[in-house]
Structures are given as C-alpha cells and as structure tokens.
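Participant: Here it is: the structure, laid out below.
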Amino acid sequence: MGVKLTSFHNSYGKKGKGKIMRKKVVAGLMAALMVTSMVGCGTKSGSGSAKKSTSNGKVTLTVWGPQEDQNDDCHWLKEQCEAFAKANPDMKLEFKYAVCSEGDAGKNVTEDASKAADVYMFANDQIPSLVAANAISKLGGDTLDQVKSMNSEAMVNSVTYDGSVYGVPFTGNTWFMYYDKSVFTEDDVKNLDTMLKKGKVGFPLSNSWYIGAMYAANGTTFFGADGQDQKAGIDLSAEKADPVTNYLVDLAANPNFVDSGVDKYDNTAAMKAGDIKACFSGTWDYKNMKEALGDNLGVTVAPTITINGEQKQMKAFAGSKAIGVNPNCKNQKEAVALALYLGSKDAQKAHFDERAIIPTIADVDASSNPAAKVQNDTINNASVLQPVFSEMGSWWDPAAAMGKAFTATDDTKVTHANASEQTAKFNELANKH
C-alpha cells in the first residue's frame, strides 16, 4: 500500500511527557462520553485491522498520519496517542504507526479497507471514495454532538456527505491574501480594484482552485448554496457569470495585474523582489512571506471586486483535513474515542505549537500566527464549501482553461465580444458529468 508500519514503543523522548498529565482530565471525560457514543456504520465481521491481543490482553490500534507528525522534529501523533492511552488505562491500548499523508489516505485506505488503519488522517474531498469503499465510519450520538460543538458550521459541513458526518476536523484548508503594508493601507486591501491603482497584484487566474472565487462573488453556487445539493450542479448561468467574465477581461488587461497561476510562478520570490505587492496563498506560505517582507507583511481575507458598480466579496473554496475511523476496525469504541481526542482542543493546541497547524476550534490560542485568524475568518465569512461530490471533478480542467483564455494571444482569448459565448461553453463543460 506504499506505507510502512512502525512498531509500538512506549517512549519517544522528553518532549511529550509534560503534556501527558495536562491532558488526562480532558481525555478521561472524552472517554466517558464515548462509552455511550455510536458510529452510524456497522462493523464488518471477520478480520479487522485492530484486534485484541491474545498475548498481553491489550487492544492494538493502527494509526496513520503524515511523516511531518512523526519524524525526528515532531512527535505529535505519538504524543497524543500515548497521552490518550495513559488517561484511559481501562482501554488497555497500544498503537502501531505508519506514514500516510492526508492527501494519500483516500488511495491507500480504499486499496484494501479491511487491512487499512483503524484511525487515519485525510483530506475532506476524499470522503465519497472512502464511503464507497466502506472505509470510513459515519459519526453519531455523543461523538457527533462533540464534533458539532467543537467546530464551526463551515467545518462540520466540510466533513458532511449525503446528510451524514464523517471524520473529526483538525485544520481548515483555504486561501487568502498577503500584501505589502508599505504599499497598501488597510482600507486599500478591502477592494482589489483600489489596490490595482497603487501596485501590482498577483492572482492565480489560471488556477481552477482560485478563479472560482471570482464567480462565487456574483452568486455562482457550487452544488447549491451550502454545497450539499448534488443535483444542483455548478450555476454559471448568464445572469450570474457573464458580468464576472467581462470583469475578468478588464482585470487581465490591467497593467498592474499578474496571473500568478502560470507554471512555476514563485509568489515568495516575486514578493521579495517587489515584482508584485500582493498575492494569494494559504497558511503554508506564511513563514516564507514573513521572511520575504518582515514587518511589512500584511495578511487579510480576499478583497471585494467591483461588478457593475457594486462591491462583491470574493469567496475562496474551503475544505478541511480530518481524522477518520475505519468501519472495519473491531474496536470501534476505542477508535472513535481516539479520533475525537486527536481533534480535541488540547490536541489541536499541541499541533499548532509543534507544527503551526491552524486549529479549527475557535478558542485555541493561535494568535502568534496572524494567518491563523485570517484563515478562520475566510472559512467562516469569505468562502464557499468545496463540494466533495464526484461531479465536482468536471470543474477543474474547464476552469483552468477559462482562466488561461483571459491572457491568451490566439483565437482562444476571451474578450468582451465573445464573453457570453465563452461563459456558456464554460457552464456546459463544468456541468458535463
């Protein structure tokens, strides 16, 4: 499966020992809650991936997570699992760990769900394939109540599929704007068109993960207003989308606009060199941007754009990363309790302290990283849920092609003269399943 299991061990250095006792009370309360919690999917009979050991009477859970959470510089995954086990000795837990990134979980877990991890970390857009492979448990009872109480509606929706919730979110995934405070004021960055009068701005117009924000600003919806209506499709109707296409024709022609979505474009290098004064990216770029601009670095939600004289808020796609439970696991109570703990307040705080993973829980103090607040503000106020339906796959290639067409120099170029025609074709392709 492309992942390597590592053997269980009780010690991993001094780094995690002080945290274990501080988590004991919280973990114990969660374990008590889990006694009455249920998951919505039944477990399979036969061999599960976690079995009660006949040699030592312990329950072994296999846990998969990214390399960055279990290497020489960060022991977050093992620290949290061991803290949970120590706080719940009645569960008699031990763990096996393996490396599997959130992005690879959908492929590795579904390859053979009966042999996959009991608890694993995944990106939310993989939920449909995980459900189809009977590789992820839906949450219910006290567990579901806990997930809803800990997270915003947007985060809960990100792990909701076909009316059910799968997984415990632990960080959001979206983008926003970095800018040079020596060029733009806090008022300037509220509107993109105002910014373009003062300095060059790089926006990934030809990147399909970004261009959708422009159309969403004027009412385009992606599978309904809440992203949960599979039959609704992507609404690029003329009334909503034509004005945006015409706006983008002018945007691409503005000498202060740069399409930063072209191959190998380096936002950090461009910002450091002063080639652009603002760009759009996510929390993964904060450290680089801070090194490039120092005290002049500003971070904020995406600005508004001016459509037919009205200010319209750009809305980024937003998703999450979460912890899932394999329904083939024979020890569901313990596995679900662990998943809930890995997404808890204490665990998210440790994740932020050790790896700057931005928490989803609002009262986790992440104020030392300005991008944390902006990410959460974006998810809650300036985003649309990135739908998890397989039909969303029809969006990516046509959207990228449309973005490239605004700066094209051949007959594929979008102009005011053909804007309506090009938008209609875009609508057709984006909904061609």
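The values are calculated or read from the model by the stated rules, or taken from the named source; none is laboratory data. The model shown is predicted, which means the values in this text are computed figures rather than measured ones. Backbone-built Cβ (ideal geometry, glycine too); neighbour counts: all protein chains shown. What goes into the accessible areas is simple: the full protein's heavy atoms, side chains included, and nothing from ligands, DNA or RNA. Shrake-Rupley method; radii C 1.70, N 1.55, O 1.52, S 1.80 Å.
Participant: Report, by residue number, each residue of region 390-408 that is surrounded by 21 or more Cβ atoms within 10 Å (Cβ to Cβ) and either under 26 Å from D229 (Cα atoms) or touching a residue at least 60 places away in the same chain (Cβ under 8 Å) (or both).
Facilitator: Residues satisfying the conditions are M392, W395, A399, M402, G403, F406.
Participant: Looking only at region 137-157, how many residues end up being at pLDDT below 95, of a type in the set (G, A, S) and not in a loop (DSSP other than H, G, I, E, B)?
Facilitator: Here the count works out to 1.
Participant: Scanning region 85-108 for residues that are part of a helix (DSSP H, G or I) and within 25 Å of N173 (Cβ to Cβ), which turns out modelled with the lowest pLDDT?
Facilitator: G103
Participant: Please enumerate the residues belonging to region 283-321 that are of a type in the set (G, A, S), touching a Ser or Thr at 6+ places or on another chain (Cβ under 6 Å) and in contact (Cβ under 8 Å) with a residue 40 or more places away in the chain.
Facilitator: A316, A318, G319, S320, listed by residue number.
Participant: Right, something else. Check every one of the strands (runs of 3 or more DSSP E) wholly within region 301-367 and list those with 3 or more residues that are farther than 30 Å from A217 by Cβ and open to solvent by less than 40 Å² (accessible area, probe 1.4 Å).
Facilitator: So the answer is 316-325.
Participant: Okay, moving on. Taking into account only those residues within region 130-143 that are at negative phi and either in contact with a Ser or Thr (Cβ under 6 Å, 6 or more places away or on another chain) or without any contact (Cβ under 8 Å) to a residue 24 or more places away in the chain (or both), which is surrounded by the most Cβ atoms within 10 Å (Cβ to Cβ)?
Facilitator: Filtering first and then ranking leaves A135.
Participant: Out of curiosity, is G274 small (G, A, S) and farther than 17 Å from T407 by Cβ?
Facilitator: Yes: the conditions hold for G274.
Participant: Another question, if that's okay. Does region 370-383 hold any residues that are open to solvent by 20 Å² or more (accessible area, probe 1.4 Å) and either assigned to a loop (DSSP other than H, G, I, E, B) or modelled with pLDDT of 95 or more (or both), and which are they?
Facilitator: S383
Participant: I'd like the full set of residues that are open to solvent by 40 Å² or more (accessible area, probe 1.4 Å) and within 22 Å of Q375 (Cα to Cα), limited to region 264-285.
Facilitator: D266, K277, W284
Participant: Mind checking which residues of region 163-191 are at negative phi, surrounded by fewer than 22 Cβ atoms within 10 Å (Cβ to Cβ), not in a strand (DSSP E or B) and not aliphatic (A, V, I, L, M)?
Facilitator: Listed by number, the residues that qualify are K181, S182, T185, E186, D187, D188, K190.
Participant: With the condition being over 23 Å from the mean Cα position of the chain (by Cα), of a type in the set (A, V, I, L, M, F, W, C) and modelled with pLDDT of 95 or more, I'd like the helices (runs of 4 or more DSSP H) fully within region 205-292 carrying at least 1 qualifying residues.
Facilitator: 238-253, 267-273
Participant: I would also like to ask the following. Looking at (1) open to solvent by 60 Å² or more (accessible area, probe 1.4 Å); (2) more than 26 Å from the chain's Cα centre (by Cα); (3) modelled with pLDDT of 95 or more, which is the one condition that is false for D411?
Facilitator: (3)
Participant: What number goes with the only condition from (1) open to solvent by less than 10 Å² (accessible area, probe 1.4 Å); (2) touching a residue at least 40 places away in the same chain (Cβ under 8 Å); (3) touching a helix residue (DSSP H, G or I) at 6+ places or on another chain (Cβ under 9 Å) that Y210 does not pass?
Facilitator: Every listed condition holds for Y210 apart from (1).
Participant: Go through region 75-90 and count every residue that is open to solvent by 10 Å² or more (accessible area, probe 1.4 Å) and not basic (K, R).
Facilitator: Matching residues across region 75-90 total 6.
Participant: Same structure, new question: What's the number of the only condition in (1) part of a helix (DSSP H, G or I); (2) over 19 Å from F170 (Cβ atoms); (3) not charged (D, E, K, R) that T407 fails to meet?
Facilitator: Exception for T407: condition (1).
Participant: In addition: Within region 375-433, how many residues are more than 23 Å from T304 (Cα to Cα), in contact with a Ser or Thr (Cβ under 7 Å, 6 or more places away or on another chain) and charged (D, E, K, R)?
Facilitator: So the answer is 1.
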